[in-house]
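Notes to accompany the following structure.
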Amino acid sequence: MSPDLQKQYEHVDAHTLIEGLRGMFENQAKAERYNISKFLFACKLTEGSPVSPHVIKMIGYIETLDKLGSELEDDQAIDVILQLLPASYALFILNYQMNGMEKILVELHGMLKTTE
């Protein structure tokens with residue numbers, strides 16, 4: 001915390017301090033959350049590109065959103081990843097959905113690497 005900011009909150013209670021800091025940084029967090037979700041939902045894998053770095057990047061975006069307070073449930077995150085795969089993964093997606101698989105992101109990543 002900068003010296004000026006410390007001096008500003010030197011004689012206030014914890015609640016006032018937290019509320020003041022939240023007010024200062026809330027808009028910044030909203031902007032970051034917007035940008036990360038924009039990157040995530042635009043993260044379409046192009047046909048023939050390797051799947052592993054793509055999924056790792058998407059998992060990174062999902063984890064960042066979690067840290068910013070916009071948590072996606074595992075099934076929602078998996079839906080997003082599957083929707084952004086190219087047509088060559090259609091059979092994998094169909095098999096995943098038909099078998100009612102319940103996987104976490106790391107397991108999905110492994111399955112996609114094997115399929116590739």
Rounded to whole Å and sorted largest first, list the principal axis extents of the Cα atoms in the chain.
-> 63, 26, 18
Grab the beta carbon distance between Leu21 and Asp74, set R0 = 35 Å, and tell me the FRET efficiency rounded to 0.05.
-> 0.65
Measuring from centroid to centroid over Cα atoms, what is the spacing of the range 81-114 and the range 7-21 in Å?
-> 48 Å
Among Thr46, Thr64, Thr16, which one shows the biggest mean-square fluctuation in a GNM of the chain, springs joining Cα atoms closer than 10 Å?
-> Thr16
How much FRET efficiency would the formula 1/(1 + (r/R0)^6) give for Arg33 and Met98, where r is the Cβ-Cβ distance and R0 is 30 Å, rounded to 0.05?
-> 0.30
About the Cα centre of the chain, how large is the charge dipole given +1 on each Lys and Arg Cβ and -1 on each Asp and Glu Cβ? Please answer in debye to the nearest 20.
-> 420 debye
Stretchable slack from Cys43 to Gln83, in nm (0.36 nm times residue separation minus alpha-carbon distance) = 13.4 nm
So what's the angle, to the nearest 10 degrees on a 0 to 90 scale, between helix 105-115 and the longest Cα principal axis of the chain?
-> 30 degrees
Sum -39500 (n - 2.57) across every DSSP H segment of at least 4 residues in the chain, then divide by the residue count to get the 222 nm mean residue ellipticity, nearest 500.
-> -22500 deg cm²/dmol
Using the 2.2 N^0.38 Å rule of thumb for compact globular proteins, work out how the range 26-72 stacks up: its C-alpha Rg over that value, please.
-> 1.24
Checking rank on 30-39, 97-106, 77-86, with mean other Cβ inside 10 Å and highest first, the result is 77-86, 30-39, 97-106
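Read the figures in this text as sums done on the coordinates, not as results from a lab. Note that the coordinates shown come from a computational prediction; the quantities given were computed from them, not determined experimentally. Glycine also receives a Cβ, built like all others from the backbone with ideal geometry; neighbour counts cover every protein chain displayed.
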